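Shown next, in structure tokens, is the structure this report addresses.
The values are calculated or read from the model by the stated rules, or taken from the named source; none is laboratory data. Computed from a prediction, not measured in an experiment: that's the story for all the values here. Cβ coordinates were reconstructed from backbone atoms using ideal geometry, including for glycine residues, and neighbour counts include every protein chain displayed. Surface areas here come from the heavy atoms of the whole protein model, side chains and all, with no ligands, DNA or RNA. Shrake-Rupley method; radii C 1.70, N 1.55, O 1.52, S 1.80 Å.
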Protein chains: 2
Amino acid sequence: MPKNAFYAQSGGVTAVINASACGVIETARQHPNDISNVYAGRNGIIGALTEDLIDTSAESDEAIAALRYTPSGAFGSCRYKLKSLEENRREYERLIEVFKAHDIGYFFYNGGGDSADTCYKISQLSETMGFPVKAIHVPKTVDNDLPITDNCPGFGSVAKYIAVSTREASYDVRSMAKTSTKVFVIEVMGRHAGWIAAAGGLASDAENDIPVLILFPEIEFDKEQFLAKVKAKVEEYEYCSVVVSEGAKWPNGTFLAEQGTRDAFGHAQLGGAAPVVANMVKEAMGYKFHWAVADYLQRAARHLASKTDVDQAYATGKAAVEYAISGENSIMPTIVRTSNDPYTWEIGKAPLSEVANVEKFMPREFITEDGFGITQACRDYLVPLIQGEDFPPFDKGMPKYVTLMNEPVAKKLNIAFEL
Amino acid sequence: MPKNAFYAQSGGVTAVINASACGVIETARQHPNDISNVYAGRNGIIGALTEDLIDTSAESDEAIAALRYTPSGAFGSCRYKLKSLEENRREYERLIEVFKAHDIGYFFYNGGGDSADTCYKISQLSETMGFPVKAIHVPKTVDNDLPITDNCPGFGSVAKYIAVSTREASYDVRSMAKTSTKVFVIEVMGRHAGWIAAAGGLASDAENDIPVLILFPEIEFDKEQFLAKVKAKVEEYEYCSVVVSEGAKWPNGTFLAEQGTRDAFGHAQLGGAAPVVANMVKEAMGYKFHWAVADYLQRAARHLASKTDVDQAYATGKAAVEYAISGENSIMPTIVRTSNDPYTWEIGKAPLSEVANVEKFMPREFITEDGFGITQACRDYLVPLIQGEDFPPFDKGMPKYVTLMNEPVAKKLNIAFEL
């Protein structure tokens, strides 16, 4: 007898998380003997806890296909970390109750490290509670910090956006440097790992000799050395671009972004790392500067997604369903790089017990010895991930993204649940 | 006898100023009986003053064609405003001397209001100095503030970038609003006129009901009213996007960006309007926020250029050459809107005497009565300008922009010139 599937999006959304949703739902629709319907959690796992499920069967094939090129989380996502089993067993039990009420046999959880952990716990608990569901984690994170998988869906598109934006802005600065801006600073995401910042290094290559300095969260910020580097680059090139990770830190562990900036009322102001770095340069060398903070633009920029990333996001969603109906449980589909040049990849799998709560950082050999650039090994790793364009359809000059109807599934439990 | 032409880029560069350069050079190459060679000013007008000319004939047809899809200023631009004739007649005389030495009969100046003024003066002075050059101004400005022309090359692409980015980021915020960010603020360019900010309003349309509030430089900032609007939007939609112009001002004329922010050492910090607005919302309502400052990204984003804008940038460059060789002088090619729906346009011309030193602001009827949105009239004006995509070629995941050789023309004067 076919069972229903539950799908939820977790944590910060990306340009391609809906491509994974598309992979899950389209593949499920191809297997009606195994999966009768996919219910999505409204606002992620909260939707499961509050029995607020979305009936994806109400959406047309066209609408589901459009998820492939629509950024953000079509069903809503959430930042809601389930507590440990010991602390709040009730939450896990509630999930199983909701699954039971809606005849859910498959749990597809699309997220990062925390959600891999949740997914793992559910696979274990559902077993012991006598209502076993196949729990498969679909990888998603712009931070690229999940272990085992070669890379994470979501990352390639941010990497492409930052590489392209840094190149474009550098061309701009280069052409104005004689009389105007000499130093351009762009702040990028990645509070713990410097993967996104590293992508800024791709702005420069054999045909585009662009001076780019990168401030990684993995490298303690050395102000004197940094300023000397900026000075040297400006003297050689007349300008310089700086890519600063939001996670860049002083040796004492304080974020650069928290440099005690105060507003007129004396309130601490979270001003971002970019203006801090830019003002530092101005103060030391007097160079005119400009700075940008890409923020959500970088992870929402579906218009500039990497085709590789879109394909991999879809493929992991598809594989999740295929693994589940073939009987697999408590795993995450992974991306396995089988060749670097030409780049080839295939889908593999990793047990969730080895994925949960493990963070992958930039290897030191991906960062140049001086700490401000990327090595050839890093380029070899990154370049394939930004390959290919996959522009969304445009209408009247704007990308034509889909907004789903998101019709609710009738509730079956008569018990409210306090989050 | 054919004469040489001088071409220079002026002021802040755009995603399509090189498309105008492409139009000038390609058209000049088609008229060898009128124009023997196009010399470009290295770093704009400074190149003419210092006799630092670039020989564009050294560039292949392919390289010149690639200018059409390469952002920024390929020959270098500058922020260098010539003084008035009374204050520094020597500068104008020097220009004429350099033109004379290099047999320049055509002066194509690609810029905004200031350069239109310079171009106008040169057309007049060259006549009285007995070395008449045909001086044609090629319009360029992301600010869209030149008079007479329906719109300015450079603006349509920034408008498209801001409209798309605001839509994409709004999708992101919408999907996270339940537990995370509720208010997203994006800061955009336009110190005097709100044209770019207005484009943020295009994020929302009939198929995309997105709550967007715009803070225009033309409208005095009313904190209480603004906060009430944000609150109402968040209560209705669960989230809200705010597009703030860098030129948004308090009633007393101070920029929002200058809210007395101090760093740890008490130095005034130019932190941008976006964090000021975001913190204001947080303080009043406690909403979680995120903010972005697009800065140069918006005017360098050739990857998302408007095809209409690219076509018009090219067409004005082409028309400049055609007008000049047909004997016109002291004019600027303009874009004339001949129909709104379907959108059609043609090239016209305006005398520089009527262009110089006139700034075009947003008409009040383009802004909604409450001051926070755009009217249908504004949409009707803006939508055609962002029409069409004109993606650059990509190679290994990155746009393949051209960097010219920029070989110098041998100097003929033996006189240095102090800027």
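For the reader, a short list of remarks on this structure follows.
- Hey, A:Arg191 assigned to a loop (DSSP other than H, G, I, E, B) and either more than 10 Å from chain B (Cβ to nearest Cβ) or at pLDDT 95 or above (or both) or not: yes
- B:Glu51 being on the phi > 0 side of the Ramachandran plot, touching a helix residue (DSSP H, G or I) at 6+ places or on another chain (Cβ under 7 Å) and not hydroxyl-bearing (Ser, Thr, Tyr): yes
- If you filter segment A:349-398 down to residues that are more than 19 Å from the chain's Cα centre (by Cα) and of a type in the set (S, T, N, Q), you find that the one that is modelled with the lowest pLDDT is A:Ser353.
- Residue, farthest from B:Gln376 (Cα to Cα), within segment B:322-354, restricted to residues that are free of Cβ contacts under 8 Å to residues at least 60 places away in the same chain and among the charged types (D, E, K, R): B:Lys349
- Residues satisfying the stated conditions in segment A:291-314, i.e. more than 13 Å from chain B (Cβ to nearest Cβ), open to solvent by less than 20 Å² (accessible area, probe 1.4 Å) and not polar (S, T, N, Q): A:Ala313
- Condition check for A:Lys412: part of a loop (DSSP other than H, G, I, E, B) and more than 30 Å from B:Pro342 (Cβ to Cβ): yes
- Restricting segment B:6-44 to residues that are facing chain A (nearest Cβ under 10 Å) and either over 16 Å from the mean Cα position of the chain (by Cα) or without any contact (Cβ under 8 Å) to a residue 24 or more places away in the chain (or both) leaves a set whose member that is nearest to B:Tyr80 (Cα to Cα) is B:Asn43.
- Some residue of segment B:127-141 being assigned to a helix (DSSP H, G or I), modelled with pLDDT under 95 and either open to solvent by less than 10 Å² (accessible area, probe 1.4 Å) or out of contact with any Gly (no Cβ under 6 Å at 6 or more places or on another chain) (or both): yes
- Among the residues of segment B:364-409, just one is open to solvent by 20 Å² or more (accessible area, probe 1.4 Å), in a loop (DSSP other than H, G, I, E, B) and small (Gly, Ala, Ser), namely B:Gly388.
- Residues located in segment A:306-333, provided they are within 23 Å of A:Pro71 (Cβ to Cβ), in contact with a strand residue (DSSP E or B) (Cβ under 7 Å, 6 or more places away or on another chain) and of a type in the set (Ser, Thr, Tyr): A:Thr316
- In segment B:194-230, residue farthest from the other protein chains (Cβ to nearest Cβ) [restricted to those that are in a loop (DSSP other than H, G, I, E, B) and of a type in the set (A, V, I, L, M)]: B:Ile219
- B:Glu51 vs. criteria open to solvent by 10 Å² or more (accessible area, probe 1.4 Å) and either touching a residue at least 12 places away in the same chain (Cβ under 8 Å) or among the β-branched types (Val, Ile, Thr) (or both): no
- Of all the residues in segment A:276-285, those that are open to solvent by 40 Å² or more (accessible area, probe 1.4 Å) and either touching a Ser or Thr at 6+ places or on another chain (Cβ under 6 Å) or at the interface with chain B (Cβ under 10 Å from one of its Cβ atoms) (or both) number 2.
- Those residues of segment A:57-76 which are of a type in the set (Ser, Thr, Tyr), closer than 25 Å to A:Asp390 by Cα and more than 10 Å from every other protein chain (Cβ to nearest Cβ), in sequence order: A:Ser60, A:Tyr69
- When segment A:93-120 is limited to residues that are without any contact (Cβ under 8 Å) to a residue 60 or more places away in the chain and closer than 24 Å to A:Asn33 by Cα, the one that is surrounded by the most Cβ atoms within 10 Å (Cβ to Cβ) turns out to be A:Ile96.
- Only a single item in (1) buried (at least 21 other Cβ atoms within 10 Å of the Cβ); (2) at pLDDT 95 or above; (3) of a type in the set (A, V, I, L, M) is not met by A:Ala273, and it is number (2).
- Helices (runs of 4 or more DSSP H) completely within segment B:16-107 that count 1 or more residues being among the polar types (S, T, N, Q) and under 20 Å from B:Ala315 (Cα atoms): B:17-29
- For the condition open to solvent by 10 Å² or more (accessible area, probe 1.4 Å) and either modelled with pLDDT of 95 or more or away from every other protein chain (no Cβ under 14 Å) (or both), B:Pro153 does not qualify.
- Residue in segment B:231-240 that is open to solvent by less than 10 Å² (accessible area, probe 1.4 Å) and either of a type in the set (S, T, N, Q) or in a strand (DSSP E or B) (or both) present: yes
- Matching residues in segment B:175-200 - criterion: being within 22 Å of A:Val13 (Cβ to Cβ), of a type outside the set (Val, Ile, Thr) and surrounded by fewer than 24 Cβ atoms within 10 Å (Cβ to Cβ): B:Ala177, B:Lys178, B:Ser180
- In segment B:272-293, the residues that are of a type outside the set (S, T, N, Q) form Cβ pairs under 6 Å with partners that are outside any loop (DSSP other than H, G, I, E, B) and surrounded by fewer than 20 Cβ atoms within 10 Å (Cβ to Cβ), at six or more places apart or across chains, as follows: B:Ala284/B:Leu227; B:Met285/B:Lys231; B:Phe289/B:Lys282.
- Against the numbered list (1) more than 9 Å from every other protein chain (Cβ to nearest Cβ); (2) open to solvent by less than 20 Å² (accessible area, probe 1.4 Å); (3) farther than 24 Å from B:Met332 by Cβ, B:Lys288 comes up short only at (2).
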